[in-house]
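The numbers here are math on the coordinates, done by the rules we state, and not lab data. Here the structure is a predicted model, which is why all the values come from computation and not from measurement. As a convention, Cβ positions derive from the backbone with ideal geometry for all residues, glycine included, and neighbour counts pool all protein chains shown.
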Amino acid sequence: MLAGIPVEKHEVTVLGSVTRYWVYGPANADVTVVISHGYRGEHHGLEPVIAQLPSVRWISPDLPGFGESTPLVDVPHSIEGYARWLIEFFEILGLTGKAIALGHSFGSIISSQAIVLGLDTPRLILVNPIAISGLDGPKPMATRMTVWYYGLAGKLPERLGGFLLRSWFIVQFMSVALAKTKDKDLRRWIHAEHHNYFNRFASRDVVVEAFEASISANVSDFAARVPVPTLLVAAELDDITPVAAQYELVDLFPDATLRVLDGVGHLIHYEVPVIAADHIRQFIAKPLEP
């Protein structure tokens with residue numbers, strides 16, 4: 001399905017980052033969506049969802065410091081830094097006020113703060129939104145281990161710290177923990193995707209700085225100040241944010257709809273892209289209130 005969608009690769013310099021981005025779908029599409037991907041991800045991550053919506057024009061950049069994009073220079077790799085990068089990315093591409101913002105996981109925090117800081121977008125879509133602090137997730141032991149792991153990687157000599165961060169065993173452990181599907185072929189594919197793309201970061205310092213950013217804020221910090229219609233696509237078995245927190249989060253937005261997907265966790269985009277795409281299709285097709 002993806003092979004049938006036209007795709008182009010481009011680059012633009014934003015706040016000192018040579019930001020590489022991919023454009024999927026027809027140039028004359030009625031709807032354009034700009035993606036902010038998850039932590040340690042890159043533009044490939046949402047392709048299973050993109051494939052389901054070939055009539056949409058998708059713009060999917062690698063966040064600065066990840067994938068093929070170089071790190072930020074003019075601002076730190078903080079949530080606010082990434083949010084300001086997103087605002088300028090919209091402006092440089094002439095998308096301000098036109099394109100819909102979509103954030104997945106870490107990207108849900110970035111896109112939410114960007115709107116609070118002035119990003120002009122007609123709608124907001126959040127997939128696996130981070131509804132509470134990453135330090136307050138449903139698996140406290142795993143959280144403490146993760147914080148310790150990134151802290152250690154940041155204190156070790158850079159080469160050793162980078163080796164620790166890129167460890168095959170760590171990536172496999174993370175992938176096994178997050179995947180909820182019982183389909184063995186799908187699980188193998190998910191693990192392969194993580195091994196292919198999870199280690200594509202510019203440096204040890206960037207990935208540690210971005211991790212610290214990821215636990216410094218969450219969508220609930222900004223929700224009440226997001227004035228645009230918002231779709232939350234959340235998961236019943238999410239190990240990062242408990243589903244109960246998603247029901248609390250949706251009430252903080254002035255205008256939001258929550259869709260909870262049963263039997264899936266933090267990998268909605270990999271495990272149930274068809275269902276996620278159906279909710280997105282319905283949301284973007286709904287007329288905006290005058």
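Observations, loosely collected:
- Based on alpha-carbon atoms, the Kirkwood radius and the radius of gyration of segment 3-133 give Rg/Rh equal to 0.93.
- Alpha-carbon centroids, segment 130-145 and segment 51-78: separation in whole Å: 25
- A simple rule links phi to the HN-Hα coupling: the Karplus curve 6.51 cos²θ - 1.76 cosθ + 1.60 with θ = phi - 60°, which for segment 179-192 gives 6, 10, 5, 8, 6, 5, 5, 5, 4, 4, 5, 4, 4, 5 Hz, with x for Gly and Pro.
- For segment 164-242: Kirkwood Rh in Å [reciprocal of mean 1/r, alpha carbons]: 15.3
- DSSP beta bridges confined to segment 1-109 are antiparallel in about 65 percent of cases.
- Net charge, residue 18 excluded, C-beta distance under 15 Å - Lys, Arg +1, Asp, Glu -1: -3
- Working note: Cα gyration tensor of segment 99-207, eigenvalues times five, square-rooted, sorted largest first, giving semi-axes of 26, 20, 15 Å.
- Ranked packing of 167-178, 272-283, most packed first, by mean Cβ within 10 Å: 272-283, 167-178
- Share of pairwise Cα-Cα distances greater than 16 Å in segment 179-290 is 70 percent (whole percent).
- Packing-based ranking, highest mean first, of 39-49, 106-116, 18-28 given that Cβ atoms within 10 Å are counted: 106-116, 39-49, 18-28
- Straightening the chain between residue 163 and residue 30 buys 43.4 nm, computed as 0.36 nm per residue apart minus the Cα-Cα spacing.
- In order through segment 7-24: 3J(HN,Hα) via Karplus (6.51 cos²θ - 1.76 cosθ + 1.60), integer Hz, x for Gly, Pro: 9, 10, 9, 9, 8, 8, 8, 10, 6, x, 8, 6, 8, 8, 9, 10, 10, 10
- Rounded to the nearest 20, the size of the Cβ-charge dipole of segment 204-273 about its Cα centre is 180 debye, with Lys and Arg at +1 and Asp and Glu at -1.
- Summarising the label geometry, the points placed 7 Å from Cα in the beta-carbon direction at residue 73 and residue 186 lie 4.4 nm from one another.
- Order by protection proxy (mean Cβ within 10 Å, highest first), peptides 185-193, 236-244: 236-244, 185-193
- With R₀ fixed at 41 Å, the C-beta to C-beta distance from residue 224 to residue 147 puts the FRET efficiency at about 0.90.
- For the chain, taking the reciprocal of the average inverse distance between every pair of different Cα atoms yields a Kirkwood hydrodynamic radius of 18.9 Å.
- Full-extension gain in nm, residue 196 to residue 8, via 0.36 nm per residue minus C-alpha separation: 65.6 nm
- Under 5 Å from the amide H of residue 18 lie the amide H atoms of 70, each residue being 5 or more positions distant or on a separate chain, with H modelled from the backbone and absent for Pro and chain starts.
- Neighbourhood net charge (11 Å Cβ-Cβ; Lys/Arg +1, Asp/Glu -1) for residue 242: -4
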